[in-house]
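**Q** Starting off with a structure, shown below.
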Amino acid sequence: MEKLIVKNFGPIKEAEIDLTKYVVFIGDTSTGKSVLAKLITIFRDNDLTFGADRIEEFHKLLGHYNIDFDLEECSFEYIHDNLRITMSKKDLESRKSKFLITPTNETKKNIKKDSLIELNNKINEILDNENNQYEDKFVDDFKKMIKQIINTDKSLHSLPIYIPAERILVSMLSSSISGLWANNVALPNCFKDFSARYEVARREIKELYFELFGINFKWDNELEYVKIEEKEYSLSKTSSGIQSLLPLLLVLEYEINYADNGQVKTILIEEPELNLFPVKQKNLINYLIEKIKETKNNLVITTHSPYILSSLDTLMLAKNAFDEHPDLKEEINAIVSEDKWIDYNEISVYEVRNDGKVYSIKNEEFRSIDTNAIDGVSDVISEEFDKLTELRYAQ
């Protein structure tokens, strides 16, 4: 079980998130979708495990993702099979956080019991002696022990791969990005990280054809080219859809197929639908699931698009249909290939509302996404359309 509980942080009043393989947030602008998604990557990141027991360190992690909210009434609780971290304003101000490790059976096999006892003793000694002059030494000691456990049990943390909504900028300004850094242009660190990943990806990959999108990418002599229907264009002169899509595709391709070192990665994609026609949104969801499904990596998505939800729902339906009628596998596979099926238990879908609360929109009875959440806006539009049509033809 993996879970994140957040209370009274920015626009979020109360949220309890089940951290499954796929986590999706949909909601209105400024409701806190992105904040929750970023908190997931923070709590899964080993930087938090190794050092965010002090308020300045936690602020640093939040600042990396351009999050700056008052911590006055907030509280956080991250629960993993192996780990529990709880933090509140009081804990942070006293430079402490409650920190408990419960190792898995696999971890127990590889780490001596004495080491775990020593680790817990060190933690308790630090937390019980707030003004201890040897606190820094104790911190260093138990960080080393934690690292031993982390290295043995890879499931305790993951490497965050953040793909921001502003990714179109790296396409528009790719040849000027180094100049932005050199001139200290104020940009969030998380965007700088993404730009650096994109820079590495395009240089390492050099050329790749994305068949599902009909896009051929080529990196040559410090310039990026895109070939579409046998016509070649500079990336900066292509459509906004391609400029938003290509950085996402390249970074994802590199991180999964070129930089796979066995470490679990949490891939956070903000608004995958940006500048894309609905059919392309569907294609992108199919591509993402196909890339991630057979890996240990996790996917977190924030979206405004009902098409994204509908696309995910279709992939869930394919798996449900197979579970209920395994004899029809060939027919189901002909409609949606098995490498894209989503197990109902591996996805969490939440609506983040203006009341500051987060609501699961999975339908347990039908093992699907709640169609009311998908079709809510369509219902409003249809109602207005019907009323206007009635008035138009009233005479």
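The values are calculated or read from the model by the stated rules, or taken from the named source; none is laboratory data. Keep in mind the model is a prediction, meaning the values are calculated, not measured. Cβ atoms come from the backbone with ideal geometry, glycine included; neighbour counts cover every protein chain shown.
**Q** Restricting the search to the stretch 327-346, which residues are closer than 22 Å to Ile26 by Cα and surrounded by fewer than 18 Cβ atoms within 10 Å (Cβ to Cβ)?
**A** Answer for the stretch 327-346, where residues must be closer than 22 Å to Ile26 by Cα and surrounded by fewer than 18 Cβ atoms within 10 Å (Cβ to Cβ): Asp343, Asn345, Glu346.
**Q** Another one. Name every residue in the stretch 295-328 that is closer than 29 Å to Asn261 by Cα and of a type in the set (D, E, K, R), in order of residue number.
**A** Selection gives Lys296 alone.
**Q** Assess whether Glu324 counts as being loosely packed, with under 12 Cβ neighbours inside 10 Å, out of contact with any strand residue (DSSP E or B) (no Cβ under 7 Å at 6 or more places or on another chain) and within 20 Å of Asp18 (Cβ to Cβ).
**A** no
**Q** Whether any residue in the stretch 190-212 is among the polar types (S, T, N, Q), in contact (Cβ under 8 Å) with a residue 12 or more places away in the chain and touching a strand residue (DSSP E or B) at 6+ places or on another chain (Cβ under 6 Å) is what I want to check. Show your work before the answer.
**A** Here is the first cut: in the stretch 190-212, the residues among the polar types (S, T, N, Q) are 195.
Retained after the next criterion (residues that are in contact (Cβ under 8 Å) with a residue 12 or more places away in the chain): 195.
Then drop every residue that is not touching a strand residue (DSSP E or B) at 6+ places or on another chain (Cβ under 6 Å), which leaves none.
No, because not a single residue in the stretch 190-212 is among the polar types (S, T, N, Q), in contact (Cβ under 8 Å) with a residue 12 or more places away in the chain and touching a strand residue (DSSP E or B) at 6+ places or on another chain (Cβ under 6 Å).
**Q** Quick check: anything in the stretch 347-364 surrounded by 15 or more Cβ atoms within 10 Å (Cβ to Cβ) and over 22 Å from the mean Cα position of the chain (by Cα)?
**A** Yes, there is a match, as at least one residue in the stretch 347-364 is surrounded by 15 or more Cβ atoms within 10 Å (Cβ to Cβ) and over 22 Å from the mean Cα position of the chain (by Cα).
**Q** Scan (1) closer than 30 Å to Val251 by Cβ; (2) in a helix (DSSP H, G or I) for the single condition Lys296 breaks and write down its number.
**A** For Lys296, the exception is condition (2).
**Q** While we're here: Exactly one of these conditions fails for Asn320: (1) part of a helix (DSSP H, G or I); (2) of a type outside the set (D, E, K, R); (3) in contact with a helix residue (DSSP H, G or I) (Cβ under 6 Å, 6 or more places away or on another chain). Give me its number.
**A** (3)
**Q** Only one of Phe58, Phe76, Phe50 is modelled with pLDDT under 70 and either in contact with a strand residue (DSSP E or B) (Cβ under 9 Å, 6 or more places away or on another chain) or hydrophobic (A, V, I, L, M, F, W, C) (or both). Can you tell me which?
**A** Answer to the selection: Phe50.
**Q** Please enumerate the residues belonging to the stretch 338-370 that are touching a residue at least 12 places away in the same chain (Cβ under 8 Å), polar (S, T, N, Q) and either in a helix (DSSP H, G or I) or within 21 Å of Ile289 (Cβ to Cβ) (or both).
**A** Correct list: Asn345, Ser348, Ser360, Ser368.
**Q** Here is a further query. Do we have Val279 as closer than 25 Å to Ile42 by Cβ and either of a type outside the set (Lys, Arg) or crowded, with 17+ Cβ neighbours inside 10 Å (or both) here?
**A** So Val279 fails the test.
**Q** Determine which single condition Glu207 fails, assuming it passes every other condition in (1) touching a Lys or Arg at 6+ places or on another chain (Cβ under 7 Å); (2) among the acidic types (Asp, Glu); (3) closer than 21 Å to Ser311 by Cβ.
**A** Condition (3) is where Glu207 drops out.
**Q** Quick check: anything in the stretch 226-243 in the same structural domain as Phe194 (by TED's automatic domain parsing), assigned to a strand (DSSP E or B), hydrophobic (A, V, I, L, M, F, W, C) and over 21 Å from the mean Cα position of the chain (by Cα)?
**A** Within the stretch 226-243 (the criterion being in the same structural domain as Phe194 (by TED's automatic domain parsing), assigned to a strand (DSSP E or B), hydrophobic (A, V, I, L, M, F, W, C) and over 21 Å from the mean Cα position of the chain (by Cα)), the answer is yes, since at least one residue qualifies.
**Q** For Lys33, are the conditions met, namely being at pLDDT 85 or above and of a type in the set (Lys, Arg)?
**A** yes
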